[in-house]
Amino acid sequence: DIVAYATTRATQELAALGHRVVVYDRAGYGWSSRPPVAGDAYTLGSNARELAALLDQLGIPRATLVGWSYGGGIVQTFALEHPERVSQLVLLGSVGPAIPDEPEDFIGRLGRSPIGPAVFRYVTSVPPLGRAVLAGALADMFSGAGNIPDGFIDRSAAQMALPGTVDSWLAEDRNGGYAKLRPEAIATPTLVLHGDDDRAVRKSVAEDLARRLPNAKLVWVEGGSHMLPVTHPDLVAARVHEWTSQ
């Protein structure tokens, strides 16, 4: 079993290679429910508990976990808490303890300010404005506006406009917790797959993860952005298949 965080052609390719692939919307996103922003909701720990509950519900005792971006922090947290349930890890453009505690960009600083939630709710409520802001953010995610697939901005804007999504995203960003990740305590074989032009999670984060993880392999994708499952689905599927077939 492979449990992943993105519905892309990569998951379809993995299924075609004979894997059972489970893809789900995390709480607060897509079509999943939006729990109140309270207590330790929207943290790496709460997400790891929800992943455990999903595996229990599906009757999956052990799986390869593929975590993309923030999802990488979730599967690291899960692997620490439930090592017996993880056969392999794959970290795609994953967050790690080398990410600074304080955001370096304007959007990140605004999101953590007292007025951040109100500003972002207003932005997403005005379609042209929300689309323009997303276009700028996605240009960074794809390492260039010209690399954004047709329709991707509109689909993303529609998702962000769903009630509660902005609050979920801001809560996770404010809670952070990346510095508390302990990859050095994860013995699970881990593939760190990272674009060498990832502008959202810098190369230094992947290098730090690979150094800390006791049983890791670091693979660079030449010219790859933060959006590898979208831009390089065949390569991602092939690498995950190779890693799980060892």
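The values are calculated or read from the model by the stated rules, or taken from the named source; none is laboratory data. The structure presented is a predicted model; accordingly, all values stated were derived computationally and were not measured. Glycine gets a Cβ as well: all are built from the backbone with ideal geometry, and neighbour counts include every protein chain shown. SASA here: full protein model, heavy atoms, side chains in, ligands and nucleic acids out. Shrake-Rupley method; radii C 1.70, N 1.55, O 1.52, S 1.80 Å.
Data table
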{"read-out": "Test: residue in region 93-103 that is over 15 Å from E172 (Cα atoms), assigned to a helix (DSSP H, G or I) and open to solvent by 30 Å² or more (accessible area, probe 1.4 Å)", "value": "no"}
{"read-out": "Pairs where the first residue, in region 216-235, is more than 18 Å from R202 (Cβ to Cβ) and the second is assigned to a helix (DSSP H, G or I), C-beta under 6 Å, 6+ apart", "value": "P229/A10; P229/V236; P233/R9; P233/A10"}
{"read-out": "Wholly within region 162-246, helices (runs of 4 or more DSSP H) carrying at least 1 residues that are within 30 Å of A145 (Cα to Cα), charged (D, E, K, R) and open to solvent by 50 Å² or more (accessible area, probe 1.4 Å)", "value": "165-175, 203-212, 233-244"}
{"read-out": "Hey, D56 free of Cβ contacts under 8 Å to residues at least 60 places away in the same chain, in contact with a Phe, Trp or Tyr (Cβ under 6 Å, 6 or more places away or on another chain), open to solvent by 20 Å² or more (accessible area, probe 1.4 Å) and charged (D, E, K, R) or not", "value": "no"}
{"read-out": "Region 179-201, residues that are charged (D, E, K, R) and in contact (Cβ under 8 Å) with a residue 60 or more places away in the chain", "value": "K180, R182, D198"}
